[in-house]
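Trainee: After the structure tokens below, expect a handful of questions from me.
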Amino acid sequence: MKKKDCVLGLDIGTAVVKASLCVMADEGQSIIASASVPSRGIKDGSVVDINEASSAISDCIEKLQEATQARCATAALNISGSAVSGEDSVGLV
């Protein structure tokens, strides 16, 4: 599977980190696999230990990759919580 043919969906929660692999095709999209692991380093929706949180995210993605043998170049993330805010801006990364 080509990297451009799939999208990794990632939901980082207080209790669980979840990932899904979606394959994009001319006929539409389909989720071919999902994985989840217990969250670490996150309390009440806030990251309290970045190393533990990163490790949980990596474990979840690795679990999904082992099941599918696929690697994605694109990811869609869910970010929510009372501490999240947005600001209109223009710039380059």
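The values are calculated or read from the model by the stated rules, or taken from the named source; none is laboratory data. The model shown is predicted, which means the values in this text are computed figures rather than measured ones. Cβ atoms come from the backbone with ideal geometry, glycine included; neighbour counts cover every protein chain shown. The protein model used for the area step is the full one, side chains on, heavy atoms only, and it has no ligands, DNA or RNA in it. Shrake-Rupley method; radii C 1.70, N 1.55, O 1.52, S 1.80 Å.
Trainee: Of the listed values (1) 7.7; (2) 6.1; (3) 5.3, identify the label whose number matches mean projected area of the Cα convex hull in nm² calculated from this model.
Mentor: So the calculated entry is the one marked (1).
Trainee: Would you work out what percent of the accessible area of the chain, with all protein chains in place, is carbon or sulfur (probe 1.4 Å)? Walk me through the intermediate numbers first.
Mentor: Working: 3360 of 6730 Å².
So the carbon and sulfur contribution to the accessible surface is 50 percent.
Trainee: Please compute the per residue accessible area over region 18-93 with all protein chains in place, 1.4 Å probe, rounded to a whole number of Å².
Mentor: Working: 5730 Å² over 76 residues.
Per-residue value: 75 Å².
Trainee: Just going by the charge dipole of the chain, with Lys and Arg at +1 and Asp and Glu at -1 on Cβ, which of CYS6, VAL17, LEU77 is farthest out on the positive end?
Mentor: CYS6
Trainee: Right, another one. Dipole magnitude of the chain about its Cα centre, charges +1 at Lys/Arg Cβ and -1 at Asp/Glu Cβ only, in debye to the nearest 20?
Mentor: On the way: 8 positive and 12 negative charges, 49 e Å.
Magnitude of the dipole: close to 240 debye.
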